[in-house]
Structure formats: structure tokens, C-alpha cells
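> This is the structure I have questions about; it appears just below.
The values are calculated or read from the model by the stated rules, or taken from the named source; none is laboratory data. For clarity, every value in this text was computed on a predicted model and none was experimentally measured. Cβ sites come from the backbone with ideal geometry, for glycine too, and all protein chains shown count toward neighbours.
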Amino acid sequence: MTDSPRSIAQRDTPLPAGLNEERFAGYGVMGLPFASGHYLAFRHFPASSVGEGYDSVWHRDPAGNWVIYSSVPPSSSCARYFGSELEDARVEDISVQWTGPRAFTVEIRHKIVWELELGRSVATAAMTGIGRLMPAAWWRSEKVLSAMSKAAGPVLRAGKVGLTGTVSNGQWFRANPRMLWTVDDSRAMVDGVDIGPPGPLDHQARLGDFWLPQRGMFVVGESFFEPYDPERHRQNTMGS
């Protein structure tokens, strides 16, 4: 595959088809752990069925407290699904600057500066190739996604992987990572402090059934969620 992450990121992103589900499409860093106990994740979803497209940065501090920063209100961003486990959900300006075919920087002014360099492994190339051959119906099958989850963790050396299940606020979800790259190098400043080198956490983090990988992974794909129901799902979009 010759396309770089930057060239793919610069393409128009269509909203995936669907009726009784909330849908998003784009790219992001599924997650990256740091040996210091910090954890960062990033989402760039220009296509959304619940509002305007958005960027979001997830940050977990060494004490285990999560904050999600988004360019749109929490009710239209990732906090819509994970808010009940957050310490806070904040609206911030988020900039994304591609500095090379496989390098980019994510910045929240006065808060986070995160530089990333991406690479390719035999495992990510193989999984991307398999994903391109999969019928559309398989991407919507819980059985197929569950089987992929069990295989992906050991193959990618990322710990547990969950592509389907229930998120923190109670909705079901399906993640469709169509293309994958590794995060080969990264440096991040949080509140002006270098948080150190990437490295797995002592205990893998998760939010609901969504496991945050123990190795940095950049993905291009779609996510699907159960529509919010106030009688069955948690309403809070901030920590409680």
C-alpha cells in the first residue's frame, strides 16, 4: 500500500451508511500509553451523524483520571459515550498539523503538545490488507468483530482489544479500524511538562468494554454506537 497516512487524512471523509445507529468516520490514535502513567488518545472525525465533525484528545493522568477535550460540546463528541467515567469534559480549540507523510502534531494551546511519528509493521500491514478484503456485512457482525478483537491483541502486541461491546454510558458500540499503522515515536508535553517516553501501563486502561491499547496505534475507520436513550443510558457527559 503506497498511500501515506497524511494523504489518506487529507481525503474527503464520507459518513458511513446506517439508520438506527450513531455514526462517525475519520482517523485517530486509538491510544498511546506512556511509561510515566500518562495516556493519550486522539480522534479526528470530520463525518458525524450527531452534529458537526470534531477533534478530541483524551488524557489520563497517572492517578487514573480521564479528561476528554473536544472541539464541540460533550453531547456531540466522545464524552457522549464515555462521560460517566470522566473527571471532566472540556471544549477547547484543537489543532492538527501534518509535518510529514507519517508525522503530525496535535496541540491544545497552553495544555497539550503531542508529536507523533508513524510506522508500519508486518502485523499492521497484514491486518489492513485483510480489512480491505472483508465484506461490509462482516464489519457489522459482533461475532466477526469479537473474533478480530481476540486475534488483534496478540498479533499487534497491544494487550486486550475490544472492537465491540458496551461503552461507559451504556450504549453498544462497534469499531471498524480499516487501516492501521504503529506509533513508532512520540513526545508529549502536558501543562508544560514532558511526560516521558511511551511505554505500557502497569495495568491496561479501559473505558467500559473499550480497551485502550498498550502500544500506540493509528487507525483510519468508522465507529458506530447505539442511539442515546434517556431511559436506559447514563446522561452525564462529565465525571460523577
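> If Gly208 meets every condition in (1) in contact with a Lys or Arg (Cβ under 9 Å, 6 or more places away or on another chain); (2) modelled with pLDDT of 95 or more apart from one, which number is that one?
Condition not satisfied by Gly208: (1).
> Please work out which one of (1) within 19 Å of Glu222 (Cβ to Cβ); (2) outside any loop (DSSP other than H, G, I, E, B) is the condition Ala123 fails and give its number.
(1)
> Of all residues in region 26-52 being more than 11 Å from the chain's Cα centre (by Cα) and assigned to a strand (DSSP E or B), which is surrounded by the fewest Cβ atoms within 10 Å (Cβ to Cβ)?
Once the filter is applied, the top-ranked residue is Ala47.
> Further question on the same structure: Could you identify the single residue in Ala175, Ala188 that is modelled with pLDDT of 95 or more, part of a strand (DSSP E or B) and either in contact with a Cys (Cβ under 6 Å, 6 or more places away or on another chain) or closer than 21 Å to Arg90 by Cα (or both)?
Ala188
> Six or more apart or on different chains, Cβ under 6 Å: which pairs go from a residue in region 87-100 that's in contact (Cβ under 8 Å) with a residue 24 or more places away in the chain to one that's surrounded by fewer than 14 Cβ atoms within 10 Å (Cβ to Cβ) and of a type in the set (S, T, N, Q)? Could you list them?
Here the result reads Glu87/Asn65, each pair linking region 87-100 to a residue that is surrounded by fewer than 14 Cβ atoms within 10 Å (Cβ to Cβ) and of a type in the set (S, T, N, Q).
> Right, next: Do we have any residue at all in region 183-190 that's under 13 Å from the mean Cα position of the chain (by Cα) and of a type in the set (D, E, K, R)?
no
> Which residue is surrounded by the fewest Cβ atoms within 10 Å (Cβ to Cβ), if the candidates are limited to region 147-172 and must be of a type in the set (Gly, Ala, Ser) and outside any helix (DSSP H, G or I)?
Gly170
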